[in-house]
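Chemist: Before we start, here is the structure in question, set down as C-alpha cells.
The values are calculated or read from the model by the stated rules, or taken from the named source; none is laboratory data. Keep in mind that what you see is a predicted model, and the values were worked out from it rather than measured. Glycine also receives a Cβ, built like all others from the backbone with ideal geometry; neighbour counts cover every protein chain displayed.
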Amino acid sequence: MKFYKYQGAGNDFVMIDNRKKVFNKENHQLVEKLCDRRFGIGADGLILIEDHKKYDFEMIYFNADGYQSSMCGNGGRCAVAFAENLGIIETKTRFLAIDGEHEAVIKNEDWVELKMSNVETVEVNDNHFVLDTGSPHYVAFVEDLNAIDIFEEGRAIRFNERFNERGINVNFAAKTAEGIEVATYERGVENETLACGTGVTACAIAYWIQNKTLTNIPIKVKGGDLSVNFKPSENNHFTNIWLCGGATFVFEGDI
C-alpha cells in the first residue's frame with residue numbers, strides 16, 4: 001500500500017488514497033502503529049481520502065492513538081494539498097470532514113487556506129476560555145510560553161475531573177508584537193505537537209475577545225507560521241473563519 005507524508009507547520013500526517021477502499025478503517029492498531037515514530041512511519045495522525053457523491057472528496061482523520069477524532073485543521077489543509085496532488089481537485093474545493101462541509105483554496109504550491117466551522121459559543125472565564133472550533137479547546141494566555149511545561153500542565157488540564165471523559169486540547173498563548181504565539185497539548189496524540197490548526201483558531205478567537213482588535217491574526221507555533229482571519233459579531237459569534245498556512249509534501253513510500 002502506498003502512503004504519502006505531509007506536514008503543516010510541523011503537524012505531520014500519513015496520507016492514504018482510500019478511494020478503492022484498500023485500507024481497513026476498523027484496524028485501530030494498524031493506524032496507531034503507522035503513526036508510531038519508532039515502530040512505524042511516524043505522525044500526529046493518519047488521513048484517508050475517499051470519494052463522496054456530493055463533495056470533491058471526504059477526509060477521514062485518525063489521531064495517533066488509532067481512533068477517529070474531531071476536526072483537524074492542519075490535517076484538513078494537508079488533505080487538500082494531497083487531493084490536488086492526486087488530481088482530484090485544482091485550486092478550489094468543497095470537501096466533507098467529521099464536523100461537516102469545508103471550503104479550501106490553494107494559493108500556491110505550499111499554501112492552503114481552509115474555511116473552518118462557525119463558532120457560536122465561547123465560555124469566557126477569568127483565566128481561560130473554552131470553545132469548539134471543530135475540536136474542543138481550552139485556551140489560557142500566559143506571559144511567557146518558555147516558562148510553561150506544556151506537556152505536564154497541558155496533561156493535567158486535559159485529564160482533570162471536568163474534561164477527563166471527553167478530553168480537551170489545551171493551548172497556552174502569549175501576545176507578541178505582531179499577534180500571538182501558541183503551544184498546544186493535543187488529546188489523542190497525548191503530547192505537545194508542533195502546531196494545532198483548530199487550536200490556533202481557538203486562540204485567535206480568544207485573543208479577539210480579550211482585545212477587540214485584530215481580525216487577521218498572525219500566529220507563531222513551534223513548527224512555523226500560521227494565520228487566522230474571521231468575522232466577529234455580537235455575543236461572541238464568529239463566522240467566515242479561515243485557517244491559513246503551509247501544507248507541504250515530505251516523502252512517499254510503501255507499507
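Chemist: So, in segment 189-226, how many residues would count as being surrounded by 19 or more Cβ atoms within 10 Å (Cβ to Cβ), touching a residue at least 60 places away in the same chain (Cβ under 8 Å) and assigned to a strand (DSSP E or B)?
Modeler: The total comes to 3.
Chemist: While we're looking at this one, here's another question. Go through (1) buried (at least 18 other Cβ atoms within 10 Å of the Cβ); (2) at pLDDT 95 or above; (3) not in a strand (DSSP E or B) one by one and return the number of the condition F39 breaks.
Modeler: It fails just one condition, (1).
Chemist: When you go through (1) among the aliphatic types (A, V, I, L, M); (2) under 20 Å from the mean Cα position of the chain (by Cα); (3) surrounded by fewer than 17 Cβ atoms within 10 Å (Cβ to Cβ) one by one for V22, which number turns out not to apply?
Modeler: (2)
Chemist: Then there is this: Answer yes or no: is there a residue in segment 121-130 that is within 23 Å of G10 (Cβ to Cβ), crowded, with 18+ Cβ neighbours inside 10 Å, in contact with a helix residue (DSSP H, G or I) (Cβ under 8 Å, 6 or more places away or on another chain) and aliphatic (A, V, I, L, M).
Modeler: Within segment 121-130 (the criterion being within 23 Å of G10 (Cβ to Cβ), crowded, with 18+ Cβ neighbours inside 10 Å, in contact with a helix residue (DSSP H, G or I) (Cβ under 8 Å, 6 or more places away or on another chain) and aliphatic (A, V, I, L, M)), the answer is no, since none of the residues qualifies.
Chemist: So T239 ticks every box in (1) polar (S, T, N, Q); (2) surrounded by fewer than 17 Cβ atoms within 10 Å (Cβ to Cβ); (3) over 17 Å from D132 (Cβ atoms) but one. Which box is left unticked?
Modeler: (3)
Chemist: A further question on this structure: Output yes when any residue across segment 105-120 is out of contact with any Cys (no Cβ under 9 Å at 6 or more places or on another chain) and among the aromatic types (F, W, Y), and no when none is.
Modeler: No; the residues of segment 105-120 include none that is out of contact with any Cys (no Cβ under 9 Å at 6 or more places or on another chain) and among the aromatic types (F, W, Y).
Chemist: Considering only residues that are touching a helix residue (DSSP H, G or I) at 6+ places or on another chain (Cβ under 8 Å) and among the β-branched types (V, I, T), which ones fall in segment 58-103?
Modeler: Once the filter is applied, which keeps residues that are touching a helix residue (DSSP H, G or I) at 6+ places or on another chain (Cβ under 8 Å) and among the β-branched types (V, I, T), segment 58-103 yields I89, T91, T93.
Chemist: For segment 108-131, enumerate the residues that are touching a residue at least 60 places away in the same chain (Cβ under 8 Å) and of a type outside the set (A, V, I, L, M).
Modeler: D110, W111, E113, K115, S117, N118, E120, T121, F129
Chemist: Oh, and also: From the list D132, D126, exactly one residue is of a type in the set (D, E), assigned by TED's automatic domain parsing to the domain that holds I241 and modelled with pLDDT of 95 or more. Which is it?
Modeler: D132
Chemist: Report whether or not S117 is under 13 Å from the mean Cα position of the chain (by Cα), over 19 Å from L226 (Cβ atoms) and not hydrophobic (A, V, I, L, M, F, W, C).
Modeler: Spelling it out, it is not the case that S117 is under 13 Å from the mean Cα position of the chain (by Cα), over 19 Å from L226 (Cβ atoms) and not hydrophobic (A, V, I, L, M, F, W, C).
Chemist: Is it the case that segment 147-169 has a residue that's surrounded by 15 or more Cβ atoms within 10 Å (Cβ to Cβ), under 15 Å from the mean Cα position of the chain (by Cα) and at pLDDT 95 or above?
Modeler: Looking for residues that are surrounded by 15 or more Cβ atoms within 10 Å (Cβ to Cβ), under 15 Å from the mean Cα position of the chain (by Cα) and at pLDDT 95 or above, one finds at least one in segment 147-169, hence yes.
Chemist: Restricting to segment 227-255, and then to whatever is on the phi > 0 side of the Ramachandran plot and in a helix (DSSP H, G or I), can you tell me which residue is modelled with the lowest pLDDT?
Modeler: The qualifying residue modelled with the lowest pLDDT is N235.
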